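This report concerns only the one structure given below.
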Amino acid sequence: MFDSGFGGLTVARAAIDLLPAEDLVYIGDTGRYPYGSKPLGDVRGFARELAHSLVDDYGAKVIVVACNTATAAGLDDLRAELGVPVIDVIRPGVSALVQTTTTGRVGVIGTVGTVSSGAYVHAIAATGAPVILTSAACPGFVEFVERGQTVGDEVTVLAERLLAPIRDADVDALLLGCTHYPFLARTIGDVMGNGVTLVSSADETAFSLKQTLGDLGLLRAVDRRGHRRFVSSGDIDLFRELGCQLLGPELDRTESWPPPR
């Protein structure tokens, strides 16, 4: 599993809880985050490098792209190149979104790169669901999470400004289209109000992962505890400190990426 930084830990948390017997390697590319403001071509290159490393260096049997921007930039390339299944976070989230709404008015928030790619527009259209989508990019949200600042006046003021188009659209379901955003769910929920259900792709992605492993006969026996490794391309001490706060006690040590060869 990989992400630009800490956001994918929401997916890792869901996967650990649902599949406790599975081994997990998580790469947080904190040395090059944030992805959302970078050209999609650069992000595509980062994603290829990380995904191939997970297979070649860590022996991954399945890859989870736990980053919406990386999914939007390079999912098709990864699936064409890698000899293992690749799970994304966009389609599971969209599936949950269209099942949640009762009014047919839905929203998606994400990074500039994800929203401008049109990935969610295409994914929702592919479902055939009769919904009206309003999207908004939320630059700055990822940076707050990466600093460990998930509540407070600064976050709230930014959220009120960025979420205004979504509120004006009178949506009843909002997909957090970046794996960092669930860490801001309290602030986002306060700004959106009680009539809006927040949808996170983390749990749905974990369910998709379990189904894929089961269909391929790759699920491990449940009478074991999986081994977890957390790897960072940036400051590993910072990654361990903040990552433990966000994920939990499983993140008790970190390693550097790329690994020595």
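Coordinate-derived values only; no laboratory data. Fair warning: this is a prediction, and the values are worked out from it, not measured in the lab. Neighbour counts are summed over all protein chains in view; Cβ atoms, including those assigned to glycine, are modelled from backbone coordinates with ideal geometry.
Apply the a/c threshold of 1.5 to the C-alpha gyration tensor of the stretch 40-156 and tell me whether it is rounded, prolate or oblate. Cα axes put the stretch 40-156 in the oblate bin. Helix 201-215 and the longest principal axis of the Cα set of the chain meet at an angle near 40°.
Set against the labelled values (i) 21.8; (ii) 13.4; (iii) 19.2, mean projected area of the Cα convex hull in nm² computed from this structure falls on (ii). With kT/(6 pi eta Rh) evaluated at 25 °C and eta = 0.890 mPa s, and Rh the Kirkwood radius from Cα pairs, the stretch 90-201 diffuses with a coefficient of 178 µm²/s according to Stokes-Einstein. Between the amide H of ALA173 and those of GLY107, THR197, distances stay under 5 Å, these residues lying 5 or more places away or on another chain, with hydrogens modeled in the peptide plane. For the stretch 192-200, backbone phi angles converted through the Karplus equation (6.51, -1.76, 1.60; θ = phi - 60°) give residue-by-residue couplings of 6, x, 5, x, 10, 8, 8, 10, 10 Hz, Gly and Pro being listed as x. The phi torsions of the stretch 6-23, fed into the Karplus equation with coefficients 6.51, -1.76 and 1.60 and a -60° offset, translate into couplings of 9, x, x, 5, 5, 6, 4, 4, 5, 5, 4, 5, 7, 10, x, 7, 7, 6 Hz, rounded to whole numbers, with Gly and Pro shown as x.
Considering helices alone, the calculated mean residue ellipticity of the chain at 222 nm is -14000 deg cm²/dmol, with DSSP H runs of length four and up weighted by -39500 (n - 2.57) and normalised per residue.
Around ARG167, what is the net charge, scoring Lys/Arg as +1 and Asp/Glu as -1 over all other residues with Cβ under 13 Å from its Cβ?
-3
Look at the dipole of the chain built from charges on Cβ: of GLY110, PHE2, PRO34, the Cα furthest out on the positive end belongs to PHE2. Per-residue Cβ neighbour counts within 10 Å put ILE16, ILE132 in the sequence ILE132, ILE16, beginning with the fewest.
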